[in-house]
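Enquirer: Supplied in structure tokens, the structure appears directly below.
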Amino acid sequence: MNAFDLTGKAAIVTGGNDGIGRGIAIGLASAGASVCIAGRNEIKNDEVRREIEENGGAAIAVGCDVNVEADIGAAIAATEDAFGSLNVLVNNAGIAELDAPEDMSDAAWDSVVETNLSSVFKFCRAAPPSFTRSGSGKIINIGSMYSIFGSPFAASYAASKGGVVQLTRSLAVAWAKDDIQVNAILPGWITTDMTAPIRNDMPDLYRSIIARTPAERFGEPEELAGTAVYLASKASDFVTGQSIAVCGGYSVS
């Protein structure tokens with residue numbers, strides 16, 4: 001048996017309609033999983049659903065604001081209704097505010113922390129009953145290089161993503177006895193809409209990132225898929241509470 005085969009498994013990917021989320025959703029589907037694309041932009045959700053289906057996979061598209069608990073419950077219910085189970089949850093949805101700490105408003109801080117950290121907790125909290133019905137579960141939380149490094153221009157983002165790592169560890173300890181593994185992926189600098197301002201408008205920072213990254217480039221969203229498939233599969237059944245950097249060597253240079 002192929003330990004990486006996800007045939008018969010059903011996954012939710014929040015923010016699965018673009019960037020890293022899209023790359024992971026397509027990767028899980030390519031490994032055999034049925035995928036719920038959960039995001040606020042329903043047009044983009046449907047585009048990824050069609051892309052998966054055109055390549056022989058199974059997918060549904062669900063409008064979901066991760067800050068709305070009713071939407072969280074609806075996405076889980078839709079996944080179970082469509083595929084008969086929920087086996088994998090990927091908490092990918094996130095936002096960033098670029099500002100000096102002294103200039104950041106309370107509203108901007110709260111928005112980032114709520115979306116990047118509190119919503120991850122709320123989605124994780126809602127998933128165990130489905131995992132119990134399935135017999136086991138996998139949670140994959142998407143952190144960042146700023147889970148482990150400070151940022152002078154995105155303090156709220158760094159704080160929220162650092163919290164994702166600690167939440168991952170805490171839930172892993174709490175739920176290991178229930179055969180639920182909880183791990184995190186820490187992307188390095190990836191070519192997405194979120195990093196576009198750095199590539200396009202912050203040339204000094206962009207050059208410093210490339211100089212520090214041994215791979216000498218930004219990564220592509222699909223390069224996160226292999227790690228996600230591993231963490232979603234039986235191959236990682238004895239792996240929990242871990243944070244795996246996918247960063248071209250940035251975190252060790």
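Enquirer: Quick one: count up the residues across segment 56-81 that are part of a helix (DSSP H, G or I), surrounded by 15 or more Cβ atoms within 10 Å (Cβ to Cβ) and not charged (D, E, K, R). Please lay out each step first, then the result.
Expert: Of all residues in segment 56-81, those part of a helix (DSSP H, G or I) come to 69-81.
Retained after the next criterion (residues that are surrounded by 15 or more Cβ atoms within 10 Å (Cβ to Cβ)): 71-72, 74-76, 78-80.
Now drop any that are not not charged (D, E, K, R), which leaves 72, 74-76, 78-79.
The qualifying residues number 6.
Enquirer: Of all residues in segment 129-146, count the ones that are in contact (Cβ under 8 Å) with a residue 40 or more places away in the chain and either closer than 15 Å to Ile209 by Cβ or open to solvent by less than 20 Å² (accessible area, probe 1.4 Å) (or both).
Expert: Of the residues in segment 129-146, the ones in contact (Cβ under 8 Å) with a residue 40 or more places away in the chain are 130-145.
Filter once more, keeping what is either closer than 15 Å to Ile209 by Cβ or open to solvent by less than 20 Å² (accessible area, probe 1.4 Å) (or both): 130-131, 137-145.
Of the residues in segment 129-146, 11 are in contact (Cβ under 8 Å) with a residue 40 or more places away in the chain and either closer than 15 Å to Ile209 by Cβ or open to solvent by less than 20 Å² (accessible area, probe 1.4 Å) (or both).
Enquirer: Next question, about the same structure. Could you count how many residues in segment 75-130 are farther than 30 Å from Ala58 by Cα and among the charged types (D, E, K, R)?
Expert: Applying the first criterion (farther than 30 Å from Ala58 by Cα) to segment 75-130 yields 96-114.
Subset that is among the charged types (D, E, K, R): 97, 99, 102-103, 106, 110, 114.
Summing the residues that are farther than 30 Å from Ala58 by Cα and among the charged types (D, E, K, R) in segment 75-130 gives 7.
Enquirer: Sticking with this structure for a sec: Please verify whether segment 35-46 includes one or more residues that are free of Cβ contacts under 8 Å to residues at least 60 places away in the same chain, more than 16 Å from the chain's Cα centre (by Cα), closer than 25 Å to Pro129 by Cβ and open to solvent by less than 70 Å² (accessible area, probe 1.4 Å). Quick ask: steps written out before the conclusion?
Expert: In the first step, residues of segment 35-46 are kept if they are free of Cβ contacts under 8 Å to residues at least 60 places away in the same chain; the result is 35-46.
After this cut, where a residue has to be more than 16 Å from the chain's Cα centre (by Cα) as well, the list is 41-44, 46.
If we keep only those that are closer than 25 Å to Pro129 by Cβ as well, we get none.
No, segment 35-46 contains no residue that is free of Cβ contacts under 8 Å to residues at least 60 places away in the same chain, more than 16 Å from the chain's Cα centre (by Cα), closer than 25 Å to Pro129 by Cβ and open to solvent by less than 70 Å² (accessible area, probe 1.4 Å).
Enquirer: Of all residues in segment 184-194, which are assigned to a loop (DSSP other than H, G, I, E, B) and surrounded by 20 or more Cβ atoms within 10 Å (Cβ to Cβ)? Walk me through how you get there before you give the answer.
Expert: Going through segment 184-194, the residues assigned to a loop (DSSP other than H, G, I, E, B) turn out to be 188-189, 191-194.
Selection gives Gly188, Trp189.
Enquirer: Can you tell me which residue is least open to solvent (accessible area, probe 1.4 Å) among those in segment 107-126 that are of a type in the set (A, V, I, L, M) and farther than 12 Å from Glu69 by Cα? Let's see the steps before the verdict.
Expert: Step one: list which residues in segment 107-126 are of a type in the set (A, V, I, L, M), which gives 107-108, 112-113, 117, 120, 126.
Filter once more, keeping what is farther than 12 Å from Glu69 by Cα: 107-108, 112-113, 117.
Working: Ala107: 72, Ala108: 20, Val112: 0, Val113: 33, Leu117: 44 Å².
Only one residue tops the list, namely Val112.
Enquirer: Could you please find all residues in segment 196-253 being open to solvent by 70 Å² or more (accessible area, probe 1.4 Å), among the hydrophobic types (A, V, I, L, M, F, W, C) and in a loop (DSSP other than H, G, I, E, B)?
Expert: Phe238
The values are calculated or read from the model by the stated rules, or taken from the named source; none is laboratory data. Predicted model, so just to flag it, every value in this text is computed and none were measured. In this analysis, Cβ positions are derived from the backbone assuming ideal geometry, glycine residues included, and neighbour counts consider all displayed protein chains. All accessible areas refer to the heavy atoms of the entire protein, side chains included, with ligands and DNA or RNA removed. Shrake-Rupley method; radii C 1.70, N 1.55, O 1.52, S 1.80 Å.
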